[in-house]
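> Structure provided below as structure tokens; questions to follow.
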Amino acid sequence: MGNQKKHQQMQGTRGKPKRAHRSLRSKGISQDSPRDIICRLHYSETKNGVMRALRDTSQPLLYHGNPIQIYPDLSWYTLQARRALKPITELLRNRSIKYRWGFPFALIVNYKGNIIHIASILDVPPFLRALELPDTIIIDWNYPIPHQDNVQMSQRQKWVTPAKMRRNYTRITSPQARRGRQPSTPARKRITTDD
């Protein structure tokens, strides 16, 4: 009974935004120009349906006679990578090859029953060969290269403060633990400082 009620509540919110607000205005822009509205929907299926409907229609979207443009909110890195791959997407459009974008970033093509994708700069030459496209130079793509087994990825350094650098932790064990038996209480730490 509770799940059914929850499902009915969710059905009512399927088309409603979870959150919507106007974006901040830059200082140089006049007060008369319209501002962007940022909208967060409850379900990704709703967003995908809206974006699909916008792609399928050839008429502009109007509100009270004014045109409206809808764009997905993408990260800066994704936008830069898409911009860098513009020569390839133009080649695909010229040859009527359909493509789609993957998440968080991938250019995906279904070609002759094979799924071919670009997720990093290393994938570009095999992608072009598989689609029988001419070699294309990609410039200004600073998207990270995917993790490989033989490449050591850098890790964040631990946050060390001067107070933590002076501390020296040593374990104190009970006499029972020294004889090979398990102590009934956990071991304590003795804090010593180097003075």
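The values are calculated or read from the model by the stated rules, or taken from the named source; none is laboratory data. Given the structure is predicted, the values throughout are model-derived calculations rather than measurements. Using ideal geometry, Cβ is built from the backbone for each residue, glycine included, and neighbour counts are taken over all protein chains shown.
> Would you call R171 at pLDDT below 55, outside any helix (DSSP H, G or I) and loosely packed, with under 11 Cβ neighbours inside 10 Å? If you could, list the steps in order and put the result at the bottom.
Values: at pLDDT below 55: no; outside any helix (DSSP H, G or I): yes; loosely packed, with under 11 Cβ neighbours inside 10 Å: yes.
Criteria not met by R171.
> Do we find a residue being of a type outside the set (V, I, T), modelled with pLDDT of 80 or more and either in the same structural domain as W101 (by TED's automatic domain parsing) or not in a strand (DSSP E or B) (or both) anywhere in the range 3-21?
no
> Right, another one. Kindly check whether there is at least one residue in the range 76-96 that is surrounded by fewer than 15 Cβ atoms within 10 Å (Cβ to Cβ), among the small types (G, A, S), not in a loop (DSSP other than H, G, I, E, B) and not assigned by TED's automatic domain parsing to the domain that holds L54.
No.
> Follow-up question, since we're still on this one. Checking T57 against (1) touching a strand residue (DSSP E or B) at 6+ places or on another chain (Cβ under 7 Å); (2) exposed (fewer than 14 other Cβ atoms within 10 Å of the Cβ); (3) under 25 Å from N110 (Cβ atoms): exactly one of these is not met. Which one?
(1)
> Name the single residue, out of those in the range 35-54 being hydroxyl-bearing (S, T, Y) and exposed (fewer than 14 other Cβ atoms within 10 Å of the Cβ), that is farthest from the chain's Cα centre (by Cα).
Y43
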